[in-house]
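Chemist: Would you mind keeping the following structure in view while I ask a few things?
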Amino acid sequence: MISVADSTLPASLIEAYRSARYRILAPLSLTLQIDQPEPALTKLLNAHGSAAIVTAVNPGSRLLGAEENAQRLAALRRVVAEHGVAAWPARGESPLGEWPDEESLFLPGASHAFARTLAESFGQNAFVAIAHDLTPRLILLR
């Protein structure tokens, strides 16, 4: 894991990731915030052990067109399905609207290592990992 101090990402970008709201859309509706425990995840994490939120859109925080982002998200869904991991629709949302919403996947049962591999393979700067402490953590990759 790369610390904020060791990251090559601009501080403003890291802050945008940290302040984003990560919304799980189905089968439950829940909004997660980085470093804020979410007790509503207790049952889910007791059953699955861990979870992650990963996206394939806008790699490296470079804005892409809607069609290319849709293709990338579909490719992420295929890879996740090939590994037999559940995938629920999710979205990263900027509370102040500085960034467009980013379609993502909430992956109950995904290990930290699997989520990291996915995020890296789709060119992402970071992903969100959740463990038994019920707290979403921003995992920087650069």
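Chemist: If I filter the stretch 33-48 for residues that are at pLDDT below 95, of a type in the set (A, V, I, L, M) and surrounded by fewer than 16 Cβ atoms within 10 Å (Cβ to Cβ), do I get at least one hit?
Modeler: Yes - at least one qualifying residue is present in the stretch 33-48.
Chemist: Still on this structure: Tell me, yes or no, whether the stretch 21-30 has at least one residue that is more than 18 Å from L141 (Cβ to Cβ), surrounded by 15 or more Cβ atoms within 10 Å (Cβ to Cβ) and polar (S, T, N, Q).
Modeler: No, that holds for no residue.
Chemist: Taking R142, is it basic (K, R), over 12 Å from the mean Cα position of the chain (by Cα) and surrounded by fewer than 19 Cβ atoms within 10 Å (Cβ to Cβ)?
Modeler: yes
Chemist: Turning to a different aspect of this structure: Can you find a residue in the stretch 86-100 that is within 18 Å of S121 (Cα to Cα), without any contact (Cβ under 8 Å) to a residue 40 or more places away in the chain and touching a strand residue (DSSP E or B) at 6+ places or on another chain (Cβ under 7 Å)?
Modeler: yes
Chemist: I would also like to ask the following. Specify the residue that is farthest from G84 (Cα to Cα); the eligible residues are those in the stretch 101-142 that are in contact (Cβ under 8 Å) with a residue 60 or more places away in the chain and of a type in the set (K, R).
Modeler: Of all residues in the stretch 101-142, those in contact (Cβ under 8 Å) with a residue 60 or more places away in the chain come to 104, 106, 108-112, 114-115, 118-119, 122-142.
Filter once more, so that each one left must be of a type in the set (K, R): 137, 142.
Values: R137: 24, R142: 28 Å.
The selected residue is R142.
Chemist: Turning to a different aspect of this structure: From (1) over 23 Å from Q36 (Cβ atoms); (2) assigned to a strand (DSSP E or B); (3) aliphatic (A, V, I, L, M), pick out the condition that doesn't hold for A113.
Modeler: For A113, the failing item is (2).
Chemist: Now for a different question. Is it the case that R78 is out of contact with any strand residue (DSSP E or B) (no Cβ under 6 Å at 6 or more places or on another chain), surrounded by fewer than 18 Cβ atoms within 10 Å (Cβ to Cβ) and not β-branched (V, I, T)?
Modeler: yes
Chemist: Continuing with this model, one more query. I need the full set of residues from the stretch 90-109 which are among the aliphatic types (A, V, I, L, M) and exposed (fewer than 15 other Cβ atoms within 10 Å of the Cβ), in order please. Give the steps one after another, and end with the answer.
Modeler: Within the stretch 90-109, the subset among the aliphatic types (A, V, I, L, M) is 90, 96, 105, 107.
L96, the sole residue that qualifies.
Chemist: Residues A90, A66: which one is within 15 Å of the chain's Cα centre (by Cα) and under 24 Å from I14 (Cα atoms)?
Modeler: Of A90, A66, the one residue that is within 15 Å of the chain's Cα centre (by Cα) and under 24 Å from I14 (Cα atoms) is A90.
Chemist: Can you work out which of the residues in the stretch 120-133 that are within 13 Å of I34 (Cα to Cα) and buried (at least 18 other Cβ atoms within 10 Å of the Cβ) is farthest from the chain's Cα centre (by Cα)?
Modeler: Among those that are within 13 Å of I34 (Cα to Cα) and buried (at least 18 other Cβ atoms within 10 Å of the Cβ), it is I130.
Chemist: I've got another one for you. Need the failing condition index for A87 against (1) surrounded by 12 or more Cβ atoms within 10 Å (Cβ to Cβ); (2) at pLDDT below 95, just the number.
Modeler: (2)
The values are calculated or read from the model by the stated rules, or taken from the named source; none is laboratory data. Predicted, not measured: the structure shown is a model, and the values here were computed from it. Here the Cβ is made from the backbone with ideal geometry for all residues, glycine too, and neighbour counts use every protein chain on show.
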